[in-house]
1. In debye, nearest 20, what is the charge dipole magnitude of segment 88-128 about its Cα centre with +1 on Lys and Arg Cβ and -1 on Asp and Glu Cβ, if you could check?
2. Taking segment 319-398 as the region of interest, what is the percent of Cα-Cα pairs per 5 angstrom bin, listed from the shortest bin to the one with the maximum distance?
3. How do W179, W337, W531 rank by accessible surface area computed with a 1.4 Å probe, from largest to smallest?
4. Within segment 82-142, list the trypsin sites (Lys or Arg not before Pro) lying in a DSSP loop whose Cβ has at most 15 other Cβ atoms in a 10 Å radius.
5. Of the heavy-atom accessible surface of the chain (probe 1.4 angstrom), what whole percent is carbon and sulfur?
6. With charges set only on the Cβ (+1 for Lys and Arg, -1 for Asp and Glu), what does the dipole of segment 478-579 come to about its Cα centre, in debye to the nearest 20?
7. Which order do you get for V385, V253 if you rank them by accessible area with a 1.4 Å probe, largest at the top?
8. Let me spell out the model: positive unit charges on the Cβ of Lys and Arg, negative unit charges on the Cβ of Asp and Glu, origin at the Cα centre of the chain. What dipole size does that give, in debye rounded to 20?
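The values are calculated or read from the model by the stated rules, or taken from the named source; none is laboratory data. Everything numeric here is computed off the predicted structure, so don't read it as measured data. With ideal geometry, Cβ positions are generated from the backbone for all residues, glycine too; neighbour counts draw on all protein chains shown. Areas reflect the complete protein model, heavy atoms only, side chains present, ligands, DNA and RNA absent. Shrake-Rupley method; radii C 1.70, N 1.55, O 1.52, S 1.80 Å.
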Amino acid sequence: MGVLWFLFVILAAGKALELTNEQYHQMPQLFQLDDYERCLANRRGAFCLGSFNLVAPPYNHLFDIILKFSEARYNFNHTRIHRGYCVSSRCSDIDEVSLNRKFVKCVKNITQTHYGFDAKLSTLDYCKTSKTPPSRPIDGLDIAFIYFCGVILLMNVIGTIYDFTRNPDHKPNRCLLTWSLAESWKRLTNPYENGDPRLTSLNPINGMKAISMYLVMLAHTLIAYNMSYLQNPQFLEQASQHPLSMLLHNGSVIVQTFILLSSFLLAYNQLIDSEKDPKKLSLRELPRIFFNRIARITPLNVFMVGLTATWWRHMSDGPLWIPFIEKECAQCRDKWWAQFLYINNFIEPDKKCLIQTWFLAVDMQLYLLAGFLTLTLGRSPRRAVKVLSCLLVCAIIANFIIAYNWNLKAILFYTNPELIRNQFAGEPSFNFMYTAPWGSLPSSLIGLIAAILLYYRQQVNFKPEESLIFRILYRCSVPSIFIWILSGYFVKDISSPIGIAAYTALERPVFCLIIVVAMLGFINKVDSLWWQFLSWNGWRPLSRMSLPILLVHWSYNLTQIAVKTNLSRSSILEHGGHWLVTIFMTYVTSLPLHLLIELPMTQFFKALFS
């Protein structure tokens, strides 16, 4: 048998190693997890969780197979095994007082007996007994957060009572009225285009934002499963080699839609407002623009970071609760100030406090730049398009140079199950290209160019739908979105540094140009079918709740994995169920957060400082 294994390694050298199911299951099981609840239900129960590196003597045929298999890009690292054992029952024959040492000896003995390998401890997540007190007891910060929530709830109660009892003939108190739940509901559900057909034409953007958010939640569902203790990791390893896996590995570019829309809406609304008041295109407006952005995003951001740092860790328990939930809570406590200053993408980027909030930091950084460019260039649309186009070309070239000189890559080239499992920790390309503002700068500039072109074309009464070239481009745009993402399957194996740098610099701009063509087609009603679908009134509230949805959904993604008391099974149905639960719970939670925190506090600050 050993000779056959050795021949198999020789024949597989130089190409990706493929194993039959029988051969795959001869390797040590990647994850093992005993029944957590049953273990700790026993008064003498003890449970330990940790990761171990396999060590084998030279010329061990099975270990050579494991090494070769682990080198494949889309496979987990099978030389590192992950164990969660009920030490009190599985390792009862080991005479050791220390739970930690007993756990390590237990894993060593089992691995040696079954496979002939040694197992060296890599990471000990925890050891606990049924009598172990909570690792992080309730403290002053937890209590302070309760008072913070109480004040917010009290203000909503006072504002709502005031709204229903005030005299409608008297001028209302604006600060109190902003806290009315009825007023917040109106802001959520009512259109507020003020009769301007140009604003009404933007309705399809609601559908674009809502659908994009569904896809973001789906991607994070798959990331959560990569982080879990899996019963069948082979499913994800095989699925990662399928062409449709590009929807995950290359689909993160969909986030650029929000960067583009952020700059587009800022510039377009500012240009329309300047028709009544030319001062709206003065640099004196920049502090107001930036303040409005901070007033809208910061209150809810503070709430979610505060919740994560305090009470999230107390909400449940499970074998993966400490390494997933409590670890993230600790990281939020360490870098809360960076989260609030929107520099968390620069400060200790490997410490993830709500991994999706890198977007808020980048969006805030680019929003300030987009506001400056809009106010300085907006008075001359022709000049603005030329300058912004030059800046766009410069930004793309700069990203190419950065990627080439520092060996940074698009996420397509380094995404693999093991790296996803660790939330991309230690990956320079993730920290200094994917979550860096210069990586998303072209998307912001394209949004500005699109806004100015749309506004200018409307001023001269140009109708894009009458242009044959535009209609052809538009008809190709929607399928091109998926073609561009799936085309990563043919690009992923590029080894040329110049080719990798070129794709890294062009991936996001090309995608955003496709999105802009599609969006302008939707806005100009080139296709009535897409217009009606994306302009459906139901998209409006979902689009307006994008901020709480963005901030909340990852908590549900991670919690569903952390509370599992045994191995997770990976399959299309399991992933779909996880995704649907995340969507439902996210919307259920986002609605009160939007009505009780985001809307009233945004309007309150505007009323207070106007």
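1. Computed about the Cα centre, the dipole is about 80 debye.
2. Percent of pairs per bin, in order: 3, 13, 17, 15, 12, 11, 9, 8, 6, 4, 2, 1, 0.
3. W337, W531, W179
4. Filter output for segment 82-142: K131.
5. The computed percentage sits at 63.
6. Magnitude of the dipole: close to 280 debye.
7. So the residues, ranked largest to smallest area, are V385, V253.
8. That gives the chain a dipole magnitude of about 1200 debye.
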